[in-house]
Amino acid sequence: KTVSVSIANPTPPNQYNIMSSQSLFPFGGAMVAILTLTVLFPLLCQSVHLDIHVPLPQGCLKYHALLANRLLGAASRPPPPSQTEKDAADKLAQPSEEVDLFSEHTPHVTLYLSDFDLEMDAPKTDSAGVVAALNQTKVDAFLNVLSSLNFTEILDGNNCPLSFAKDQSTNAFYTINGAYTMLPIESTECLQTLSTTLLHSLQSYLRYPIVVPNWVAELPEPSRSAAIYRSRTYGSANVLDGFQPHVTVGFDPISDTPPAMHDPTSKDSLSLKDQSSLQWRDDTMKQWNEAYKQVRETCIDEVQGIALGKTSVGGTVLASSRMGYWNLAHNVKDDGPHDANQKGYYAIVE
């Protein structure tokens, strides 16, 4: 099946129109671990995880992030097994890719993600029987803090370039870390400044007590103690010295299983599925890497603005959840777009 992508205005250069994988790939066939954060709106007030991030602008980086996500999605859909192959297929079934950068999630670089205290002090039910989870007064104050920041002045009028970086351990332009497939972003002074400014500006809105992510316990010292300090102080281990900008392009729930649940003696063990998942993901991303290497010297974009949205599966940002957008050049707040049908979002045409 051939998948093409139509891109709403503004239209990027023709070389960034995604066509079939066959035409793109004549050579072959089809950082710290991040805690899965999901925004919950249950009947009782709970956490509000918000992500202040850089949406990838139209151009080369966004094209290649979408390409990686589409290839991972295609590779995670195995063909229907024949009756004789059914048992083997069940044991090593490839899980479905849960990140969808074309309609459900926004390709982005997280600057600051945390659990903010923006809920109602007591649950209130509207006429339809729906509980209002957010305190609008708190939300407005939170947004006003972001609107008061003069990003142009903070960056001293300089541009903020974006480019993919090599994983230092593999020398590839992608990282597979547990359940996550990510494209590392070059950590520039600009991105670090934006992240640090945001965490200091929004620190007073953190929810307490702060829960330290489980993966922090697996870090060696002194990295573990430093990550615990950042988590308890700023609500995130992935800031300051722990800031590792990246674009999440894949999330594989099978590989998100704790090692203690693996049984290597079982034919149906999750470790076998993990190995299968890791293999097809790595094979797919090697294919993507070869394509990207051909354009890496010129594949550089610029930060256009900063957005606020709600987190979803695998640390992604829901495309329909945008709560605000601040243009980096003009420091103008813009509340849209809010859904995949509005300007600037990608839609699959099959």
* Asked: log₁₀ I(q)/I(0) of the range 176-252 at q = 0.19, 0.20 Å⁻¹, via Debye over equal Cα point scatterers, no solvent, to two decimals?
  -> -0.96, -1.04
* Name the shape class, rounded, prolate or oblate, that the alpha-carbon gyration tensor gives for the range 132-213, where a ≥ b ≥ c are the square roots of its eigenvalues, rounded holds for a/c under 1.5, and otherwise prolate holds if a/b is larger than b/c and oblate otherwise. => oblate
* At q = 0.10, 0.16 Å⁻¹, what is the base-10 log of I(q)/I(0) for the range 94-230 according to the Debye formula with one equal point scatterer per Cα and no solvent? Please give it to two decimals. => -0.54, -1.27
* Count charges around residue 231 for me, please; just the other residues with Cβ under 12 Å from its Cβ, Lys/Arg as +1, Asp/Glu as -1. => +2
* Compute the FRET efficiency between residue 165 and residue 121 as 1/(1 + (r/R0)^6), taking r as their Cβ-Cβ distance and R0 = 41 Å, and round to the nearest 0.05. => 0.40
* To do: Would you grab the residues whose amide H sits under 5 Å from the one on residue 251? Only those 5+ places off in sequence or on another chain, please, with H modelled 1.01 Å from N.
  => 98, 99, 181
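The numbers here are math on the coordinates, done by the rules we state, and not lab data. Not measured: the values here are computed from a predicted model. Methodologically, a virtual Cβ is constructed for each residue, glycine included, from the backbone with ideal geometry; neighbour enumeration extends over all protein chains shown.
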